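See structure below.
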Amino acid sequence: MRSTARLALVCLLPLAACDHSSGSEGPAQPSQAPEAAPTPALEVNAARLVGADHDQDNWLSHGRTYDEQRFSPLTSISTGNVGTLGLAWSLDLDTSRGQEATPLVADGVMYSTSAWSKVQAIDAATGKLLWQYDPKVPGETGVKACCDVVNRGVALWKGRVYVGTLDGRLVALDAKTGKEAWSVVTVDQTKKYTITGAPRIVKGKVLIGNGGAEFGVRGYVSAYDADDGKLAWRFYTVPGDPSQPVEAPILTKAAATWKGEYWKLGGGGTVWDSMAYDPELDLLYIGVGNGSPWNQRLRSPGGGDNLFLSSIVALKAETGEYVWHYQTTPGESWDYTATQHIVLADLTLDGQPRKVLMQAPKNGFFYVLDRTNGKLLSAQPFTTINWASGVDMKTGRPLQNPAAHFGDTHKPWIALPGPLGSHNWQPMSFSPQTHLVYLPVHDVAFAYGDPKTFTPDPLAFNSGIDPSIIAMPEDPKAMAGVLATVHGYLKAWDPVTQKEVWRVEQAGAWNGGVLSTAGGLVFEGNGAGTFNAYSADKGAPLWSFNAQTGIVAAPISYAVGGQQYIAVVVGSGGTFPLAFGEIARKGAIATNRSRVLAFRLGAMAQLPAPPPMPPPAKPPERFGDATKQLPIGKLLFESYCNVCHGDSAVGAGVLPDLRWSPMNVTPELWKSVVLDGKRAQNGMVTFAPVLTPEFAELIRMYVVARANDTYAATLSAMQAPPPPGDAAPSKP
Ligand code: CA
């Protein structure tokens with residue numbers, strides 16, 4: 001066996017790979033339905049985007065309006081009649097990975113996306129697929145994605161549909177045909193950049209960021225000319241190599257907040273999701289992500305604020321020039337991104353009308369800022385947190401708990417929240433009727449530790465934390481104690497008083513984005529597989545639909561021919577079901593059935609009955625030395641495999657659960673996938689550069705041991721009453 005020291009070194013180069021062959025991928029859909037009716041001309045221009053709030057039948061940009069309130073002014077579906085809401089149509093998607101898209105609707109046509117950056121144009125009244133575009137992202141790109149191969153949607157502009165692809169391209173499509181008009185590569189594809197966020201369009205420029213802060217990249221947001229794809233400007237969120245020319249004057253100031261040779265590690269600060277725009281102030285707001293690596297001791301030894309990590313930054317939309325910033329988590333060390341949904345609204349605070357910006361980032365504080373100048377107006381925790389006791393209103397800085405800085409104390413820190421945040425990317429919604437924000441919240445703790453050694457490698461997963469303490473307990477009783485601390489909520493939050501008004505507790509932690517409507521309703525799907533409507537004032541449950549799969553995407557509302565629809569893309573996914581093992585199974589329907597669903601009053605369509613869940617395969621017999629070899633196999637698993645195949649080898653229904661995989665039966669089959677790259681086109685690349693055959697076999701030993709540990713319990717759980725989405729199997 002290798003020495004422990006050698007093993008530790010290898011473990012510091014974790015390389016996450018994701019397999020997207022979950023076994024239920026359907027055949028590719030035709031790119032164009034043969035009898036597709038001509039779609040209406042797509043007339044979305046600057047005036048229409050600025051006035052989108054009054055364009056009540058449509059959902060023209062990611063958050064519906066530039067202020068991203070995700071509020072529909074439609075009133076036909078209301079608290080009084082929502083009980084008669086029924087399925088109008090459903091469209092099966094041809095991928096079975098996480099579905100996070102917010103569809104857009106313009107003049108009767110829906111434009112949505114699915115995993116692997118595919119784009120669909122759909123008749124919004126009938127659900128008929130008009131065309132699908134597949135950018136043919138190479139499967140190996142899956143290894144660059146921290147959090148599933150998801151996509152959150154498109155932008156519309158003057159006859160074209162714009163999408164960012166997982167491998168870093170920005171593509172303009174003809175809205176009528178789905179054919180490429182132009183395509184540009186927006187990232188250095190030799191690095192582990194990905195795009196999962198939706199583009200926004202402001203004044204004819206397409207704005208797009210990227211992800212990769214778990215993998216040693218430097219974050220930025222770019223603006224491209226919508227007509228021809230020419231780069232208009234780029235704003236870097238963290239300083240670069242000081243021997244190179246500085247890209248913007250503000251980065252000289254930002255560099256003063258960093259220490260050491262941070263640029264060699266990338267720095268992070270990716271802009272992977274949120275943006276909002278105020279046309280009056282002509283300011284673009286972006287949410288900036290975590291540091292790379294997470295552990296600040298390794299990234300910027302000696303500390304510093306590390307601007308603009310975990311910040312909201314205001315830029316001039318035409319030029320990308322810096323205007324102001326507010327940093328939520330100075331010196332961040334826990335993956336506390338500020339990329340979460342940004343909402344703009346006008347609120348009355350202390351009797352004064354204020355133009356505010358609201359965000360509930362991962363770190364658990366709800367922030368209200370003056371969006372004209374970035375001044376902090378208020379900040380309060382919206383759930384239980386332990387990294388800070390509050391925010392100093394004079395300085396705008398959090399009162400941080402020194403014990404949370406595991407890199408400085410060299411002691412493990414059990415954090416609330418962990419890297420999942422108290423709120424993740426799932427969009428919240430603001431209702432100008434109730435003046436409440438509807439916010440998906442979760443409580444999931446995490447153990448951070450300072451690793452003894454760290455080998456920076458820009459091509460490997462480099463969070464810079466100790467992999468030996470992240471695993472959940474394998475003892476069922478101890479695990480039950482952990483599960484009791486895991487919670488998920490839909491909360492109604494008053495941003496004026498900074499207080500909770502109502503809450504709905506969910507069965508599990510990972511639930512959907514939110515829509516509020518002028519019908520007095522709030523819509524949200526959940527991980528247990530139901531899509532629900534609540535009263536906006538009190539959170540009373542008014543309607544529920546069995547969607548047969550976990551829901552994480554946010555719903556929308558639109559109207560065609562005078563009929564109001566509610567639509568949502570369903571299909572479990574994202575980082576939680578991939579990486580979090582047993583706690584991701586709590587209260588969740590552990591399967592992915594990816595579809596677009598649309599509802600209207602009185603509709604009676606039905607989903608086909610779900611196929612029966614096969615029982616887990618009986619595992620092969622345990623082998624190897626349980627005292628000496630098994631702990632090494634476990635450490636290797638937590639270093640390389642858990643990011644996609646689940647903590648402690650427990651899958652949650654999106655990617656193969658390795659305990660029941662037919663590939664774990666013999667060393668040869670295991671090696672064909674793990675070392676020979678047999679499933680590389682699905683995202684499961686070869687691990688031969690970092691794993692010897694001996695190491696691969698130790699991982700198999702651990703997986704087989706876990707299968708034997710959990711087989712009987714898994715089988716008896718399947719014989720228990722099924723979760724809501726998996727009703728008794730019947731013939732389709
Ligand atoms: Ca991150």
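Some points to look at:
- Test: residue in the range 347-355 that is under 30 Å from Pro412 (Cα atoms) and crowded, with 18+ Cβ neighbours inside 10 Å: no
- Among the residues of this structure, Leu420 counts as one that is touching a Lys or Arg at 6+ places or on another chain (Cβ under 9 Å) and either buried (at least 16 other Cβ atoms within 10 Å of the Cβ) or polar (S, T, N, Q) (or both).
- Within the range 663-682, the set of residues being among the acidic types (Asp, Glu) and part of a helix (DSSP H, G or I) comprises Glu668 only.
- Contact annotation: residue pairs with Cβ atoms under 9 Å, 6 or more positions apart or on different chains, pairing a residue in the range 330-357 that is closer than 20 Å to Phe71 by Cα and free of Cβ contacts under 8 Å to residues at least 60 places away in the same chain with a partner that is of a type in the set (Ser, Thr, Tyr) and away from the ligand (no atom under 16 Å from the Cβ), are Arg354/Thr348; Arg354/Thr372.
- Residue count for the range 139-158 under the criterion of being at pLDDT 95 or above and surrounded by fewer than 24 Cβ atoms within 10 Å (Cβ to Cβ): the result is 1.
- Residue count, the range 423-460 (criterion: within 16 Å of the ligand (Cβ to nearest atom), of a type outside the set (A, V, I, L, M), open to solvent by less than 30 Å² (accessible area, probe 1.4 Å) and assigned to a loop (DSSP other than H, G, I, E, B)): 4
- Matching residues, the range 664-697, being open to solvent by 50 Å² or more (accessible area, probe 1.4 Å), among the hydrophobic types (A, V, I, L, M, F, W, C) and modelled with pLDDT under 95: Ala688
- Here is the figure for the range 243-273: residues that are assigned to a loop (DSSP other than H, G, I, E, B) and within 16 Å of the ligand (Cβ to nearest atom) total 6.
- Gly80 satisfies every condition listed in (1) open to solvent by less than 10 Å² (accessible area, probe 1.4 Å); (2) within 30 Å of Val437 (Cβ to Cβ) except (1).
- Filter pass, Ala276 being in a strand (DSSP E or B) and open to solvent by 40 Å² or more (accessible area, probe 1.4 Å): no
One line per residue, one yes/no per condition, for (1) of a type outside the set (Val, Ile, Thr); (2) at pLDDT 95 or above; (3) touching a Lys or Arg at 6+ places or on another chain (Cβ under 6 Å):
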{"position": "Thr383", "(1), (2), (3)": "no, yes, no"}
{"position": "Met393", "(1), (2), (3)": "yes, yes, no"}
{"position": "Leu399", "(1), (2), (3)": "yes, yes, no"}
{"position": "His410", "(1), (2), (3)": "yes, yes, no"}
{"position": "Trp413", "(1), (2), (3)": "yes, yes, no"}
{"position": "Ser431", "(1), (2), (3)": "yes, yes, no"}
{"position": "Val441", "(1), (2), (3)": "no, yes, yes"}
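- The range 159-218, subset open to solvent by less than 20 Å² (accessible area, probe 1.4 Å), more than 16 Å from Gly268 (Cβ to Cβ) and hydroxyl-bearing (Ser, Thr, Tyr), residue farthest from the ligand (Cβ to nearest atom): Tyr162
- Here is the figure for the range 484-506: residues that are under 23 Å from Glu582 (Cα atoms) and either of a type in the set (Lys, Arg) or open to solvent by less than 30 Å² (accessible area, probe 1.4 Å) (or both) total 6.
- The range 286-358 holds strands (runs of 3 or more DSSP E) entirely within its bounds, and those carrying 1 or more residues that are among the small types (Gly, Ala, Ser) and within 16 Å of the ligand (Cβ to nearest atom) map to 311-316.
- Residue in the range 704-720 that is open to solvent by 20 Å² or more (accessible area, probe 1.4 Å), in a loop (DSSP other than H, G, I, E, B) and farther than 26 Å from Met613 by Cα present: no
- Some residue of the range 504-515 being free of Cβ contacts under 8 Å to residues at least 40 places away in the same chain and in contact with a Gly (Cβ under 9 Å, 6 or more places away or on another chain): yes
- Test result for Ala223, away from the ligand (no atom under 16 Å from the Cβ), in a strand (DSSP E or B) and closer than 21 Å to Lys118 by Cβ: no
- Wholly enclosed strands (runs of 3 or more DSSP E) of the range 125-218 bearing at least 1 residues touching a residue at least 60 places away in the same chain (Cβ under 8 Å): 129-133, 155-157, 160-164, 200-202, 205-208
- Of all residues in the range 489-503, exactly one satisfies the criterion of being of a type in the set (Asp, Glu) and within 17 Å of Leu357 (Cα to Cα), namely Asp494.
- Yes/no for Lys118 being touching a strand residue (DSSP E or B) at 6+ places or on another chain (Cβ under 8 Å) and surrounded by fewer than 23 Cβ atoms within 10 Å (Cβ to Cβ): no
The values are calculated or read from the model by the stated rules, or taken from the named source; none is laboratory data. Computed from a predicted model, the values in this text were never measured in an experiment. Heads up, the Cβs are rebuilt from the backbone with ideal geometry, glycines too, and the neighbour counts pull from every protein chain shown. Ligands, DNA and RNA are excluded from the accessible area calculation, which covers all protein heavy atoms including side chains. Shrake-Rupley method; radii C 1.70, N 1.55, O 1.52, S 1.80 Å.
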